[in-house]
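Worksheet: the structure to be examined is printed underneath.
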Amino acid sequence: MIVSIYVSRVVLAQLGETDFGIYNVIGGVVAMILSVNSALSFGTQRFISFYLGKGNTDDLRKTFSSSFIIHLLLGLIIVLLLETIGVWFVNNVLVIPHDRMYAANVVLHVSVVSTFLVIIQVPFTALIIAHERMNLYAYVALVDCALKLWIAFQLSSASSDKLIYYSILMAIVQLIQILIYVSYCFFKFEESKLFVCKDKSLYKEITRYSGWNLLGTVGFMLSDQGVNMLLNIFYGPVINAARAVAMQINNAVRQFIMNLQTAFNPQLVKMYAQDDRQGMLHLLNNNVKYSLTLLWVLFLPIFFEMDYLLSIWLVKVPDYSSVFARIIILRLFLVCFEQPFITVNGATGNNKTFVVVSACFLLSVLPLSYISLLVTDLPQVVFVIDLIVYIALVLWKVFYLKRQVGLSPYELFFQVIKPVAAVAVISIIPLLLINSLMQPSLFRFCMSVILSLLVNIALVWNIILGSNAKSICFSKVRQLFT
């Protein structure tokens, strides 16, 4: 997360606002497909985790091979669409300076290659997560960070077009990541040996389930990238650069949350497969509670010190970056509910209504944003609308899961939201005092971080953690000194 945020500073400085904005509006297709990757990976992971929980090795092998064939075909279809409709859209709709049009087209073609690689990687990452090999997941992330850091520093010595150079190197990083995952699976998991599965019912079941998941992801993509393109059409690539800065923070923090919750997901599905409904719901509540708590502890001082941090992070801070970033951080707290709810719904195998309604909520952001931009001429309004729609979506999901799996809104409120809200209300007071009494500076930032950590740690220990969690903490500390 730290490397990702730092790299965006270097890349913005090297590319400039216009090229940085172009990369994020065109190269953003990779970010969109990474969302597809997440949805498809979850679908494949659901079946693999389910059969792991059942102990059914034969169905596990068939599921993996069938999933790979499905994703290979899907990847080819998406490549065809991007190389036709995508090319037309870049050249006829987006607002791009004429002298950067060639570079923009090269970025698009390179992004198409990366997109295809991401899609065919899905079954392999799903297999690794289902087997809970989180160590490999961490090592690959470290390699990915190191390579992206190296690329950022390489930009200063690039003799060719820096935008094209950067997009090609980022695609190579994606290729390296895939090679690691595929090699590991082939050597470690017997079920990763590919063959042509002739079980049509399995193809149909996986396609139906992943298809509904994909619909939800398409809703998210159209909403997210549609808003990005609206900002481009209304304000040009400079506002895209401001949004890109905020989205760098969003992507880094979102990945942080997802990595934390990835450890929970296989267990949730396996508990459902073993008919342990109460254990699954208890784990769901803990998942949300600890995700919200960790996010609050880490990002409370960052929220207050956003202007100062952006000023030292970026060589030149694009207008609106700070307000965009603050609204996005607020939205990220809602993301803590998103993945656990999707996982529990997905474990049932009945995801049609859940996904369709979710997609409708997300798609509503696009027309509402367009109308608001026409009326207000305030670019930040699109983020506010997105936040409001997301709140409504989370509330709907709570009551839907109540009917589907017996999730208790009462327990969710009193066991999760109430204690976290208590920590938030109390811990925000010292930060408000510091900000009202001191001018922005490195000293104030350090004071905010230290005081926030001390206050939050004390509050979390006394309000969030139960007796069992405290016992585990004491046990871990004793192990360090024995």
Taking Lys62 as the anchor, which lysines have their alpha carbon closer than 24 Å to its alpha carbon, excluding any fewer than eight residues away along the same chain?
Lys54, Lys188, Lys193, Lys198, Lys200, Lys204, Lys270, Lys352
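Fewest to most neighbouring Cβ within 10 Å: what's the order for Leu310, Leu127?
Listed from fewest to most nearby Cβ atoms, that is Leu310, Leu127.
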Rounded to whole angstroms and listed largest first, the alpha-carbon spread of the range 414-482 along its three principal axes comes to 44, 35, 11
With +1 on each Lys and Arg Cβ and -1 on each Asp and Glu Cβ, and nothing else charged, work out how big the dipole of the chain is about its Cα centre, in Debye to the nearest 20.
1100
Whole Å is fine, so just give me how far the alpha carbon centre of the range 407-482 lies from that of the range 109-142.
33
Computed D for the range 340-482, Stokes-Einstein, Kirkwood radius over alpha-carbon pairs, 37 °C, 0.692 mPa s, to the nearest µm² per second, is 169
List the lysines whose Cα lies under 22 Å from the Cα of Lys476, skipping any in the same chain that are fewer than 8 positions away.
Lys289
Residue exposure sequence - Tyr390, Tyr139 - by fewest surrounding Cβ within 10 Å:
Tyr139, Tyr390
With the contact rule set at Cα under 8 Å and sequence spacing of 6 or more, what percent relative contact order holds for the range 2-407?
25
³J(HN,Hα) computed for each position of the range 425-435 - Karplus, 6.51 cos²θ - 1.76 cosθ + 1.60, integer Hz, glycine/proline x
4, 6, 6, 6, 4, x, 5, 5, 5, 4, 5
Kirkwood hydrodynamic radius of the chain from all distinct Cα pairs, in Å?
23.8
Which of Val398, Thr482, Gly466 sits farthest toward the positive end of the charge dipole of the range 329-482, with +1 on the Cβ of Lys and Arg and -1 on the Cβ of Asp and Glu?
Thr482
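Rule-based calculations on the coordinates, nothing more; no lab input. Predicted, not measured: the structure shown is a model, and the values here were computed from it. Cβ: placed from backbone, ideal geometry, glycine included. Neighbour counts: every protein chain shown.
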